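None of the figures in this text is laboratory data; all of them are computed from the coordinates on show. Nothing here was measured: the structure is a model prediction, and the numbers come from that model. Every residue, glycine among them, receives a Cβ derived from its backbone with ideal geometry; neighbour counts consider all protein chains shown.
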Amino acid sequence: MSEVKIAAETRTEFGKGAARRIRREDKVPGVLYGHGSDPIHLTFPGHELLLALRTPNVLIALDIDGKSNELAIPKSVQRDPLKGFLEHVDLQLVTRGEKVQVEIPVQAEGELAPGGNLLEYVLDALPVEAEATHIPEGVTLSVEGLEAGASVLAKDIKLPGGVTLAVEEDAVVLQVLAAQAEEASEGAEEGEEAAEA
């Protein structure tokens, strides 16, 4: 995984009013914490941070006030529910070689067995433990030919070297459901017609 370099500034103003002023300047308030140190309150350039956060679990190389360089990963991102802009971000300090627990996106590929079956994501993100500088961007699972009742367990997923599961091996990640919606609605309509007669 590549690093994204972002320049950040320490901030001394806190509260809603200060956060609004920061956002009006197209910047994002945030906090950097971890390794037992005191949290550092920072301001990030809004556009650069937004682009960086498009990659899940992105590794961010922070240049803080031009003095110190730190590595961090996003832990909590708050967005405006309507407009989608960044409101606040929490970053966790990491070091090279350090193992961290993160959730990586799960994607399915392939066609289910014929019959109108439905694919349900029980977990849309898989909890794993990986080295901070080698976090996979996600996992892709083949669902080719799976029939109703089939499921994919966490232990069935092939993970890259150095990455381990941070969830029970028997946890269901994906399952195939039989399509029953049409049958149920047809039965309800027949029941309504019988009641009217």
> Once amide H atoms are built 1.01 Å from N in the peptide plane, which residues 5 or more positions from A171, or in another chain, come under 5 Å H to H?
Replying inline: A154, K155
> Which of these, T12, T140, T95, has the largest mean-square fluctuation under a Gaussian network model of the chain (Cα springs below 10 Å)?
Replying inline: T12
> So which residue, out of P105, P160, P56, gets the largest mean-square fluctuation from a GNM of the chain using Cα contacts under 10 Å as springs?
Replying inline: P160
>> If R₀ is 25 angstrom, what is the calculated FRET efficiency for the pair A18 and E103, using the beta carbon separation as r and rounding to 0.05?
In response: 0.20
> Stretched out fully, how many nm does the piece from T140 to L159 gain, at 0.36 nm a residue minus the Cα gap?
Replying inline: 5.9 nm
>> Under 10 Å, Cα contacts only: if you run a Gaussian network model on the chain, which one of A166, A18, A154 comes out with the highest mean-square fluctuation?
In response: A18
>> Run the numbers for E168 and V77: contour at 0.36 nm per residue of separation, minus the present Cα-Cα distance, in nm.
In response: 30.1 nm
> If you line up the long axis of helix 181-196 against the longest principal axis of the chain, both from Cα atoms, how many degrees apart are they, to the nearest 10?
Replying inline: 50
> Within the chain, which is the longest segment containing none of the trypsin sites (Lys or Arg not before Pro) that sit in a DSSP loop and have at most 13 other Cβ atoms within 10 Å?
Replying inline: 97-157
>> Report, in listed order, any pair from K27/K83; K5/K67; K5/K158 with a Cα-Cα distance greater than 20 Å.
In response: K5/K158
>> Given an 8 Å cut-off on Cα distances and at least 6 residues of separation, report the relative contact order of the chain as a percent.
In response: 17
